[in-house]
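In what follows, a structure is listed as structure tokens, so that the remarks can point back to it.
The values are calculated or read from the model by the stated rules, or taken from the named source; none is laboratory data. Just so you know, these numbers come straight off a predicted model, no measurement behind them. Ideal geometry is used to build each Cβ from the backbone, glycine not excepted, and the neighbour counts take in all protein chains shown.
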Amino acid sequence: MRPVEPQDAARLLVVHGDGRLEDAHVRDLPRYLNAGDVLVFNDTRVIPAALKGVRPARDEAGSDVTVDINLVERQSSAQWLALGRPGKRLKPGDTIRFADEFAATIADKRADGELLLDFELEGTALDAAIEAHGAMPLPPYIARRRAADRTDRETYQTSFAGSDAQSVAAPTAGLHFTPRLLNEIDAARLMRQQVRLHVGLGTFAPLKEEQIQRGKLHEEWRQVSDETATKLNAARAGGHRCVSIGTTALRTLESSATPDGTIEAVSGPTDIFIQPGYTFRATDALMTNFHLPKSSLFMLVCALMGTEVMQAAYAHAIAEKYRFYSYGDACLLLP
């Protein structure tokens, strides 16, 4: 599975609050918005978090094991949480060698299968090694069909990504925005602002019953600057809409808003869980890709638009053969 070329040629299903549906393309986005509306992007950068290595044989009778590692969350300058396959062949104390002078030791194996990796390198040296030897962490439904390649270094990274590489999955709605589309957005006198949320694999994981009961998700780090908060508040006070580009941008905004809808500057973790019944404080519209059923992301869009409206929209998208998930098409939700 590859994205369409150019990426702003992807289809766009426009979903109105009254249930009306319009078939369009991402490049049509400006005509559904008004001058002065603000598009809010997540400018996080994805690291090439998929590593292939070898666990050397433990004794003369054993054999080397090829290992696939997906980095999940940085713990310190030399330590990462990760997922590893084949999990049954990995245990604490094992060394995984990725390249000459690039290896890690499994410090711990947790009950959920996550590995705590202690790398021999640290800081910028470790970052450089990951950049040199890693591949883009494509979602499993793509990775099962093909390996990530050099093309994915561009297509699985937004054109406006900042320099701080911390995410292990892309804010996929932003992948549609080519330099051409960004120029057309500017020409339409739409405003652009950026927030940052470092995307973890938990964003896309199936929901657990305890998460629903607690009303909290996994934690992810996010940031809204003073300047961005000031401009967003001014725009909304002037009657303009705040349009989140992707669910990570939306979660960032909602977790930074006060009960009266004022967006505050923040920096730190959030575990906000948005589900039907939630009252939105800082979001007036959302552009997002199509999500897995029974996921927190589908619950989020149902909270914004209503479950019946979104079920009908998804049924239409399936019937019209829209492409789902990370390299797929998108929908614009206008409550």
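Key figures for this structure:
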| item | result |
| --- | --- |
| Some residue of segment 167-177 being surrounded by fewer than 18 Cβ atoms within 10 Å (Cβ to Cβ), out of contact with any Pro (no Cβ under 8 Å at 6 or more places or on another chain) and over 30 Å from ARG31 (Cα atoms) | no |
| Checklist (1) assigned to a loop (DSSP other than H, G, I, E, B); (2) surrounded by 20 or more Cβ atoms within 10 Å (Cβ to Cβ) applied to ILE96, failing item | (1) |
| Selection from segment 112-132 of residues that are loosely packed, with under 15 Cβ neighbours inside 10 Å, of a type outside the set (A, V, I, L, M, F, W, C) and closer than 21 Å to ALA170 by Cβ | GLU131 |
| Output for segment 53-73, where each listed residue is crowded, with 17+ Cβ neighbours inside 10 Å and not hydrophobic (A, V, I, L, M, F, W, C) | GLY53, ARG55, ASN70, GLU73 |
| Residue satisfying all of: in segment 6-45; touching a helix residue (DSSP H, G or I) at 6+ places or on another chain (Cβ under 9 Å) and basic (Lys, Arg); nearest to ALA282 (Cα to Cα) among these | ARG27 |
| Extreme residue, surrounded by the most Cβ atoms within 10 Å (Cβ to Cβ), among residues of segment 178-192 that are part of a helix (DSSP H, G or I) and touching a helix residue (DSSP H, G or I) at 6+ places or on another chain (Cβ under 7 Å) | LEU181 |
| Filtered residue count, segment 126-157, keeping only those that are among the aromatic types (Phe, Trp, Tyr) and in the same structural domain as GLY200 (by TED's automatic domain parsing) | 1 |
| Conditions (1) on the phi < 0 side of the Ramachandran plot; (2) in contact (Cβ under 8 Å) with a residue 24 or more places away in the chain; number of the one not met by PRO293 | (2) |
| Subset of segment 271-309 that is hydroxyl-bearing (Ser, Thr, Tyr) and assigned to a strand (DSSP E or B) - its residue that is nearest to PHE41 (Cα to Cα) | THR288 |
| Lone qualifier among GLY261, GLY268 - being on the phi > 0 side of the Ramachandran plot, part of a loop (DSSP other than H, G, I, E, B) and free of Cβ contacts under 8 Å to residues at least 60 places away in the same chain | GLY261 |
| Segment 118-167: number of residues that are among the hydroxyl-bearing types (Ser, Thr, Tyr) and in contact with a helix residue (DSSP H, G or I) (Cβ under 8 Å, 6 or more places away or on another chain) | 4 |
| Qualifying residue in segment 22-37 (condition: part of a strand (DSSP E or B), closer than 29 Å to ALA165 by Cβ and under 26 Å from the mean Cα position of the chain (by Cα)) | no |
| Which listed residue, of ALA9, ALA50, is crowded, with 17+ Cβ neighbours inside 10 Å and touching a strand residue (DSSP E or B) at 6+ places or on another chain (Cβ under 8 Å) | ALA50 |
| Given (1) at pLDDT 95 or above; (2) outside any loop (DSSP other than H, G, I, E, B); (3) more than 21 Å from ALA9 (Cβ to Cβ), number of the condition LEU175 does not satisfy | (3) |
| Sole residue being at pLDDT 95 or above, closer than 28 Å to GLY239 by Cα and crowded, with 20+ Cβ neighbours inside 10 Å, chosen from LEU29, LEU21 | LEU29 |
